[in-house]
Amino acid sequence: MTHIYERDVPLTTRDGVTLRADVWRPRDGQAPTLLVRTPYDKRATTMAGGPESRTPSLLALLNAGYAIVWQDVRGTNASDGEFRPKLDDVRDGQDTVAWILEQDWSDGSIGTYGGSYLGMTQWALATTVTDELRAIAPSVAASNWYSGLWYSPGGRCA
């Protein structure tokens, strides 16, 4: 299967902020899509995965027939806006899913993967998206944003 690679593909969110993603998609036909939303720089070499990594190999996923969207979250790296950890991830994730579903290369099914903050963006998305989101694979990520991480019991910033 031959793929097309598109760099810094823009997506405008409902509040007018431009998020950018790198997209690998089939040259012809449709494919299920794997979405990764990251504040750590979508172009970091660790994102490509491989035998010594906890991240699946990008090439293996492409060869297995997936389209892949790696997006810098709001206010990080190539994406515009202000990075406000956790505050925009639900809406921006919803907008990204809606954008993927509009693409002619999308078969309408979406999965997500990744660790740390990438896992947290998956939990955020899983709280609202239903039929389109077929699988999430968060790792080393908190599932409860308010009982750890940046918040103390009672909801105040730690």
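The values are calculated or read from the model by the stated rules, or taken from the named source; none is laboratory data. Everything quoted here is computed from the prediction, not taken from an experiment. So basically every Cβ, Gly included, is an ideal-geometry build from the backbone, and we count neighbours across all protein chains shown. These accessible areas exclude ligands, DNA and RNA; they are computed on the full protein's heavy atoms, side chains included. Shrake-Rupley method; radii C 1.70, N 1.55, O 1.52, S 1.80 Å.
Got at least one residue in segment 124-133 being open to solvent by 20 Å² or more (accessible area, probe 1.4 Å) and touching a residue at least 60 places away in the same chain (Cβ under 8 Å)?
Within segment 124-133, not a single residue is open to solvent by 20 Å² or more (accessible area, probe 1.4 Å) and touching a residue at least 60 places away in the same chain (Cβ under 8 Å).
Quick one: which residue in ALA44, ALA31 is at pLDDT below 95, open to solvent by less than 40 Å² (accessible area, probe 1.4 Å) and touching a Ser or Thr at 6+ places or on another chain (Cβ under 9 Å)?
Sole residue among the options that is at pLDDT below 95, open to solvent by less than 40 Å² (accessible area, probe 1.4 Å) and touching a Ser or Thr at 6+ places or on another chain (Cβ under 9 Å): ALA44.
Would you mind stating whether ALA98 is in a helix (DSSP H, G or I), at pLDDT below 90 and among the hydrophobic types (A, V, I, L, M, F, W, C)?
When the stated conditions are applied, ALA98 does not pass them.
Identify, by number, the condition in (1) within 22 Å of PHE83 (Cβ to Cβ); (2) in contact with a Phe, Trp or Tyr (Cβ under 9 Å, 6 or more places away or on another chain); (3) part of a strand (DSSP E or B); (4) not aromatic (Phe, Trp, Tyr) that THR33 doesn't meet.
Result: THR33 fails condition (1) only.
What do you reckon, is LEU58 crowded, with 18+ Cβ neighbours inside 10 Å and over 17 Å from VAL23 (Cα atoms)?
Against the criterion (crowded, with 18+ Cβ neighbours inside 10 Å and over 17 Å from VAL23 (Cα atoms)), LEU58 does not qualify.
Considering segment 81-119 alone, what residues qualify as being in contact with an Asp or Glu (Cβ under 7 Å, 6 or more places away or on another chain) and hydrophobic (A, V, I, L, M, F, W, C)?
VAL97, LEU101, ILE110 - these are the residues of segment 81-119 that are in contact with an Asp or Glu (Cβ under 7 Å, 6 or more places away or on another chain) and hydrophobic (A, V, I, L, M, F, W, C).
Going through segment 3-28 one residue at a time, which ones are assigned to a strand (DSSP E or B) and open to solvent by less than 20 Å² (accessible area, probe 1.4 Å)?
LEU11, LEU19, ALA21, ASP22, VAL23, PRO26
Given the residues ASP8, ASP22, which is the only one that is of a type in the set (D, E, K, R) and over 10 Å from SER79 (Cβ atoms)?
ASP22
Out of the residues in segment 92-122 that are over 22 Å from ALA44 (Cα atoms) and in contact with a helix residue (DSSP H, G or I) (Cβ under 9 Å, 6 or more places away or on another chain), which is surrounded by the most Cβ atoms within 10 Å (Cβ to Cβ)?
ILE110
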